[in-house]
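Below: one structure, written as structure tokens.
Read-outs throughout are calculated quantities, based only on the coordinates presented, and are distinct from any laboratory measurement. Keep in mind it's a predicted model, so treat the numbers as computed, not measured. A quick note on method: Cβ atoms are made from the backbone with ideal geometry, for glycine too, and the neighbour counts reach across all protein chains shown.
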Amino acid sequence: MHIDDAVFLEDLCPKFRFRQWRKSIHKFTGKSCIYCGKPSESIDHVLPRSQGGLSKTENCVPACLSCNGDKSDENAFYWYRRQKFYDPRRAMAIRAWLEGDLRLALRLLQWANPKFRINNKNYEKDESEYKAA
Ligand SMILES: [Zn+2]
């Protein structure tokens, strides 16, 4: 292998992993913004990178461009509390997300938005309710 190829591969793999990782973040919430529930088009650093926030799952949430741009470098919780769409359940979900408890975060998001679907379990539940009726 040529030495330049090695450098190229080293360079390429993290980017590919980064893309996969970004995708997985959006997948957690079914591509909905963690703050307002609209389609998530970006990844928001809860603790901004300018303040030392890391690009890891615990610090990165799916967000729509509007929330992401509006929040900018502000503290996520202070900013969020001022929003019209503020929902304490979502705030708790964000906190759980930051603590790395994605399972709890997703449960809280689902509570905030009953239409939000984590996976097929909901569908099964609906079906059993239908049968029981
Ligand atoms: Zn949003």
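Some observations on this one:
- Packing rank of 17-26, 85-94, where each peptide gets the mean count of other beta carbons within 10 Å, highest leading: 85-94, 17-26
- Here the range 10-50 is treated with +1 on each Lys and Arg Cβ and -1 on each Asp and Glu Cβ, and its dipole about the Cα centre works out to around 140 debye.
- Here the spin labels are modelled as points 7 Å beyond Cα on the Cα-Cβ line, and at GLN20 and GLN83 they lie 3.0 nm apart.
- FRET efficiency for the pair ASN113 and SER66, taken as 1/(1 + (r/R0)^6) with r the Cβ-Cβ distance and R0 = 30 Å, rounds to 0.95.
- Counting other Cβ atoms within 10 Å as a rough exposure proxy, the listed residues TYR35, TYR78 run TYR78, TYR35 from fewest neighbours to most.
- For the range 22-112, size of Cβ-based charge dipole, Lys and Arg +1, Asp and Glu -1, in debye: 280
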